[in-house]
Amino acid sequence: MSGHIVPQKTYFTIFAILIGLTVLTTWVASVHIEPPWNTWVALAIAVCKATLVILFFMHVKYTSNLTRIAVVAGFFWLAILLTLTLSDILTRTWIPPSTAWQTTTVVSPR
Amino acid sequence: MSEHQATSGVLDPLAHQFDDLEQQHEASYFGMWIFLATEIMFFGGMFAGYTIYRHEYFSAFEAGSRLLDWRFGAANTAVLICSSLTMALAVRAAQMGQRKALITFLLLTIVLGMAFLGIKFTFEWTRDWHEHIVPGINFAPQGETLKQLQDAKVALPHVELFMFFYFAMTGFHALHMIVGIGLLTVLTIMANQGRFSPQRFNPVEGSGLYWHFVDIVWIFLFPLLYLIGGTH
Amino acid sequence: MSTTTLEPSIESRVHYLNVSYGIKSWLLTTDHKRIALLYLVSITLMFFVGGSAAVLMRLHLIEPTGALVEPETYNKLFSMHGIIMIFFFLIPSIPATLGNFLVPMMIGARDLAFPRVNLLSWYVYIVGALLTLSGIIAGGVDTGWTFYPPYSSNYSHTHVMLVAFGVFVSGFSSILTGFNFIVTIHKMRAPGLTWFRLPLFIWAMYATSVIQVLGTPVVAVTIALLALERLFHVGIFDPKLGGDPILFQHLFWFYSHPAVYIMILPGMGVVSELVTCFSRKRIFGYRIIAFSSVAIAVVGFLVWGHHMFVSGQSVYAGLIFSVLSFAVAIPSAIKVFNWTATLYKGSISYDAPMLYALGFIGLFTMGGVTGLFLASMAVDVHVHDTYFVIAHFHYIMVGGAVMAYLGGIHFWWPKITGRMYPDGWARFAALVIFVGFNLTFFPQYMLGYLGMPRRYAVYPPEFQVLNVMSSAGASILGIGYLIPLIYLTWSMRYGPLAGPNPWGAKGLEWQTPSPPPTENFEETPVVTEEAYAYSKEEA
C-alpha cells in the first residue's frame with residue numbers, strides 16, 4: 001500500500017468533480033423540490049462527495065479490505081444510532097397519550 | 001520510540017515494536033482510520049440530535065437556515081475542497097520524497113484552512129452576533145430578522161435550537177480544523193528539517209486522513225445547515 | 001501441580017522492573033508492562049474511593065430514616081459511587097491493567113502498536129481522575145452517574161460541569177486503549193498465530209476495544225452537549241424550550257449500555273483462560289466462544305432502549321429493544337455453557353484464581369438471568385428504578401467483573417511480579433468475598449421485588465431487616481477486598497520466587513521468564529499449536 005502513488009491527474013479530476021457537485025447541490029437547493037425529497041437529493045450528493053474523498057484522497061480505493069471494513073463500520077454504527085433513535089421518535093405518536101386519568105378526581109398536592 | 005543508528009549514520013525510521021516498515025505503515029494507516037471511526041461517532045451524536053429536531057421542527061429549521069448566508073457556506077465548501085486537494089498532493093510529495101513540494105503543499109493547506117476559519121469567524125459568526133441570533137448568549141432576533149421569522153410562523157425557541165446546532169456543529173468542526181492546522185504546522189516544521197522520507201512519512205499521511213475527514217464532515221454540514229430553506 | 005523452579009535471584013537477571021530505576025523511568029516509560037502497573041495502582045486507588053462511598057451508603061441505610069447523612073449528601077454518595085466505579089474502575093480495570101500487560105505478550109509482540117499513545121492514555125486517565133476527584137472534594141454531584149437533564153442541566157446546584165468534564169476526559173483514555181489494542185491484534189501477531197489460535201482473552205479484548213472505540217465518542221459528545229445546555233440553556237434537552245430530555249437518554253445509553261459489555265467482556269476472557277488452565281483441558285467450543293465475544297459487542301449496541309422503557313420512549317421502540325435484549329443474552333449464555341462443558345471431566349484444582357472463576361460463572365449467571373426479567377417490559381415496569389436493578393447489575397459487575405479481575409490478577413501475578421502470593425490467604429479471601437458479596441446483594445433482589453426504590457435515602461421500616469443484612473454483607477465484602485491488598489503487596493517483597501510457568505499453563509506469556517524482559521521475548525516466537533493444547537497426560 002505504501003508503494004501505490006496516485007497520479008496527480010487523478011487528484012485534479014476528483015477535485016473538479018467535487019467542485020462540480022458542490023455547484024450542483026447549491027443549484028438544486030434553488031429549485032423547489034417537494035420535501036422530503038429535497039433532503040434526500042442533498043444527502044445523496046453529499047454521500048457522493050464523501051465517497052470520492054474517501055476512495056481517492058484518503059486512498060481507501062487502494063487499500064486493504066480490513067481498512068475498508070473499518071471505514072464502513074464507522075458509518076454503519078452511526079446508522080445504528082440514527083435508526084434506533086428514530087424508531088422511538090417516529091413512533092411516539094402511534095399511541096396517543098391516555099386520557100383515562102382525566103375522569104378520576106385529582107388530589108391536589110399538599 | 002527507540003531509534004538506533006544504521007551503518008550509514010542515518011536514523012532508522014523503524015520503531016522497535018514493529019518487524020518491518022510495511023507493518024509499521026499498515027499499522028499507522030489502519031490506526032488512523034480507527035481513530036476516524038471515533039470521530040464519525042462523535043459528530044454522529046450531533047447529527048442524530050440534529051436529525052431528530054429537524055424532524056420535529058422542520059419549519060423552524062428551514063427559517064433558521066435562511067438566517068445563514070449560503071454564499072459563505074458554499075465558498076467555505078470550495079475552500080475546504082481545495083485544501084483537500086493540496087493535502088492529497090502533500091502526502092503524494094512525501095511518498096515521493098519531494099521535500100520542497102511537500103512543504104509547499106502543506107503551507108497551502110494551512111493557508112486554505114485559515115481562510116476557512118477567517119470566513120467563518122469574521123464574516124459569519126460576527127454577523128450572527130450583530131444580528132442577535134447566537135443561542136444562549138444573545139438570542140433575541142430584531143428588526144428584519146425578527147420579521148422574517150414571524151412571517152414564517154415559527155416558534156423562536158425552535159429557531160434557537162437550530163442555531164444551537166449550527167454553532168455546536170460548526171464550532172466543533174472549527175475546533176477540529178484548528179487542531180488540524182496545528183498538526184500541519186508541526187508537520188511543516190518537521191518537513192523543513194528533512195525528517196520525512198519515502199520510508200517514513202506516516203505522520204503526513206495520518207494527518208492527511210484527519211484533514212480529509214474534517215472536510216467530509218463539512219461536506220455534510222453545508223447542505224444540512226445552509227441549504228434547507230433553499231438559496232435566495 | 002505447581003512447578004516452581006527457583007532462579008538464583010531475580011536481581012541478577014535484567015527484566016522490565018529492574019532495567020531502570022527512578023520516577024522518570026516510570027512516568028516516561030513506553031513499556032506496556034510498566035504502563036499496566038501505573039494503571040493498576042491508579043485504579044486500585046479509585047476503587048477504594050468509590051468503595052468508601054458505598055461503605056457510607058450501606059452504613060446510612062441501616063436505619064429506615066437514614067443513620068448517617070442528610071438526603072442531599074446521600075444523593076451525592078450514590079452519584080459518586082457510580083461515577084467512580086464505572087468510569088474510573090470497571091471500564092479501565094481489566095483492559096488497562098491485564099490487557100496492557102498481556103496483549104502484546106499473548107500475541108508474541110514486543111509491545112503494543114503505539115507505545116507512546118499507551119502512555120498518553122494513562123496520563124489522560126489521571127487528568128480525568130483528578131478533575132473528578134476535585135469535583136468530589138468540592139462537593140460532588142447529586143445527579144446520579146446518569147446525569148439526566150433537565151435536573152442536571154437546569155436545577156442541580158452541584159459541581160456537574162467539573163465532574164462531567166472529568167468523565168469526558170477519561171473517555172479518551174478508554175478510546176486510546178481500545179484503538180491501540182485493535183491495531184496491535186490485527187497487525188502484530190507472531191508468525192503462525194492465526195485468529196483461531198489466539199487465546200480467548202485476546203478475542204475478548206478485541207471485542208471490548210471495538211466497543212470502546214465506537215461507543216465512547218457518543219457519550220463524549222453527549223456530555224459536551226449537556227455542558228453546553230447547562231451553560232447556555234439553549235433548550236436542547238429542556239422541554240420548556242422544545243427540547244427532548246429523552247434525546248439525552250438515547251445518546252447517553254447508546255454508549256452506556258455497550259459500556260457494560262466493556263466491563264464484562266474482558267472478565268469473560270479472563271475466565272476462559274482460568275477455566276482451561278485449572279481444568280487442564282481444552283476449552284469446549286473455542287470458535288463459538290470467540291464468535292460470541294464479537295456477537296456481544298455488536299448486538300450490545302442494539303439494546304440501549306431497555307434503560308428507557310418507562311421514560312416516555314415509544315412503546316414500539318420498546319418492543320424492538322426488548323426483543324434485541326433477549327437476543328444479546330444468548331451469546332453470554334453460550335459462554336456459560338461452554339465453560340461448564342470445559343469443567344466437565346476436567347482435572348480441577350481449586351487455586352485462588354479458579355475459585356474466582358467458578359464464582360464468576362455462578363454469580364454472572366444469576367445476574368444475567370435477572371437481566372432477562374428486566375428485558376421484558378411487563379416486568380421492568382414494576383422493577384425499574386428499584387433495588388432489583390441494583391442487585392442485577394452488581395451481580396454482573398461485582399460478582400462477575402470484579403471477581404474475574406481478581407482472578408486474573410492472582411493468575412498472572414507471578415508473571416507480573418516474579419513472586420507468588422500466599423495461597424491459603426488467597427483462597428480464604430476469595431471465599432470471604434463470595435460470602436460477603438451474596439449477603440450484600442441477594443437481599444437487594446428481594447428489596448427491589450418488594451418495591452424499595454433505588455437512590456432513596458430513606459425507606460419504609462418493613463424493609464429494614466433486608467437492608468441490615470445487605471449492610472452486614474457489605475462489611476464482610478469490604479474486609480474481603482482488603483485482604484488481597486495486604487498479601488499481594490506483601491508478596492512483592494517477601495513472596496517466594498515464581499518460575500516462568502508456575503501454573504503449567506499454555507500461552508505465549510508463560511514461555512518467558514517471570515518477570516519478563518522489557519522486549520518480552522528473546523526471539524519472536526513461532527506458533528504451531530492450537531490454543532489451550534493441554535494433553536491428556538497433563539490432566
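Read-outs throughout are calculated quantities, based only on the coordinates presented, and are distinct from any laboratory measurement. Note that the structure is predicted; figures quoted are calculated from it, not measured. For neighbour counting, all protein chains shown are included, and Cβ atoms are generated from backbone atoms with ideal geometry for every residue, glycine included.
Work out the length of the dipole vector of chain B about its Cα centre, built from +1 on the beta-carbon of each Lys and Arg and -1 on the beta-carbon of each Asp and Glu, and round it to the nearest 20 debye. The partial results should precede the final answer.
Details: 12 positive and 18 negative charges, 114 e Å.
Roughly 540 debye, rounded to the nearest 20.
Taking 30 Å as R0, compute the FRET efficiency from the Cβ-Cβ separation of residue C:494 and residue C:126 and round it to 0.05. Kindly include the intermediate steps, with their values, before the conclusion.
Details: r = 30 Å, r/R0 = 0.99.
Between residue C:494 and residue C:126 the formula returns 0.50.
Name the residues of segment B:71-87 whose amide N is less than 16 Å from a point 7 angstrom out from the Cα of residue A:19 along the C-beta direction?
It comes to B:74-87, nothing else.
Helix B:99-118 versus the longest principal axis of chain B: what angle, 0 to 90°, nearest 10, using Cα atoms?
Orientation of helix B:99-118: about 20 degrees from the principal axis.
Output needed: percent of Cα pairs per 20 Å distance bin for the protein assembly as shown, bins running from 0 to the one holding the longest distance.
Reading the bins upward from 0: 14, 45, 33, 8, 0.
Give the cross-link partners of residue C:240 among the lysines, using a straight C-alpha distance below 22 Å as the criterion and excluding same-chain residues fewer than 8 apart.
B:153
Which order do A:48, B:82, C:277 fall in if you start with the one that has the fewest other Cβ atoms within 10 Å?
On the way: A:48 16, B:82 20, C:277 23.
So the ranking, lowest neighbour count to highest, is A:48, B:82, C:277.
Ordered by packing density, taken as the mean number of other Cβ atoms within 10 Å over each peptide's residues, highest first, how do C:222-233, C:449-460, C:179-190 rank?
Ranking the peptides C:222-233, C:449-460, C:179-190 by packing returns C:179-190, C:222-233, C:449-460.
What residues have an amide H closer than 5 Å to that of residue C:419, excluding those fewer than 5 places away on the same chain, when H is modeled at 1.01 Å from N in the peptide plane?
Answer set, sorted by chain and number: C:498.
What does the charge count near residue B:138 come to, summing +1 for each Lys or Arg and -1 for each Asp or Glu among other residues with Cβ under 14 Å from its Cβ? Could the numbers behind the result be given before it?
Working: positive: B:127; negative: B:128, B:131, B:160.
So the environment of residue B:138 carries a net charge of -2.
Consider a paramagnetic label point 7 Å from the Cα of residue A:98 along Cα→Cβ; state which residues of segment C:293-334 have an amide N under 18 Å from it.
Label zone hits: C:309-319.
Peptide C:249-259: average number of partner chain Cβ atoms within 10 Å per residue? Spell out each step's value before the answer.
On the way: counts 2, 10, 8, 1, 0, 9, 3, 0, 0, 0, 0.
Whole-number average of other-chain Cβ neighbours for C:249-259 is 3.
Please give the net charge around residue C:294, taking every other residue with its beta carbon less than 15 angstrom from that of residue C:294, where Lys and Arg add +1 and Asp and Glu add -1. Kindly include the intermediate steps, with their values, before the conclusion.
Numbers: positive: C:287, C:335; negative: none.
Here the count lands on +2.
Does anything in segment C:278-303 have its amide N under 12 Å from the 7 Å Cα→Cβ label point of residue C:345, and if so which residues?
Output list for this probe position: C:282.
Which of the lysines could a cross-linker bridge to residue C:345, judged by Cα under 29 Å and excluding same-chain residues fewer than eight apart?
C:281, C:335, C:415, C:506, C:536
Would you please give the FRET efficiency between residue A:79 and residue C:483, computed as 1/(1 + (r/R0)^6) with r the Cβ-Cβ distance and R0 = 51 Å, to the nearest 0.05? Don't skip to the answer; put the middle values down first.
Details: r = 49 Å, r/R0 = 0.95.
It comes to 0.55.
Show the residues, 5+ positions off or on another chain, whose built amide H is closer than 5 Å to the amide H of residue C:520.
Here the answer is none, since no amide H 5 or more places off falls under 5 Å of that of residue C:520.
Give the peptides C:18-31, B:107-120, C:87-100 in descending order of average Cβ contacts within 10 Å, highest first.
Numbers: C:18-31: 13.6, B:107-120: 18.4, C:87-100: 27.6.
The peptides rank, most packed first, as C:87-100, B:107-120, C:18-31.
Efficiency by 1/(1 + (r/R0)^6): what FRET value for residue C:462 and residue C:151, r their Cβ-Cβ distance, R0 = 35 Å, to the nearest 0.05?
Numbers: r = 29 Å, r/R0 = 0.83.
Using R0 = 35 Å, I get an efficiency of 0.75.
With a Cα-only, solvent-free Debye model of chain C, what are the log10 I(q)/I(0) values at q = 0.11 Å⁻¹?
For chain C, the Cα-only Debye profile gives -0.96.
For a footprinting-style exposure proxy, rank C:160, A:31, C:402 by other Cβ within 10 Å, fewest first. Don't jump to the answer; show the numbers that get you there.
Values: C:160 24, A:31 10, C:402 28.
If I rank by nearby Cβ atoms, fewest first, I get A:31, C:160, C:402.
Per residue of segment C:132-149, in order, report the coupling 6.51 cos²θ - 1.76 cosθ + 1.60 (Karplus, θ = phi - 60°) as ³J(HN,Hα) in whole Hz, putting x for Gly and Pro.
Whole-Hz 3J(HN,Hα) from phi for segment C:132-149: 5, 5, 4, x, 5, 5, 6, x, x, 10, 10, 8, x, 5, 8, 6, 4, x.
Would you mind giving the three semi-axes, in whole Å and largest first, of the ellipsoid equivalent to segment C:75-186 according to its Cα gyration tensor? Write down the numbers at each step before the final one.
Working: eigenvalues 210, 27, 24 Å².
Over the Cα atoms of segment C:75-186, the ellipsoid semi-axes are 32, 12, 11 Å.
Name the long-range amide H neighbours of residue C:386: under 5 Å, sequence gap of 5 or more, or other chain; modelled H, no Pro or chain starts.
C:454
What whole number of Å gives the distance from the Cα centroid of segment B:16-74 to the Cα centroid of segment B:150-193?
11
If the convex hull of the alpha-carbon atoms of segment C:413-539 is projected onto planes in all directions, what is the mean projected area in square nanometres? Working shown, then result.
Numbers: hull surface 50.5 nm².
That works out to 12.6 nm².
Take residue C:20 and residue B:126, extend 7 Å from each Cα along the Cα→Cβ direction, and tell me the distance between the two endpoints in nm.
Inter-label distance under the simple model: 5.0 nm.
On average, how many beta carbons from a partner chain sit within 10 Å of the beta carbon of a residue in B:213-223? Present the calculation step by step, with values, prior to reporting the outcome.
Working: counts 5, 0, 6, 9, 1, 2, 12, 6, 1, 7, 13.
What the average comes to for B:213-223 is 6.
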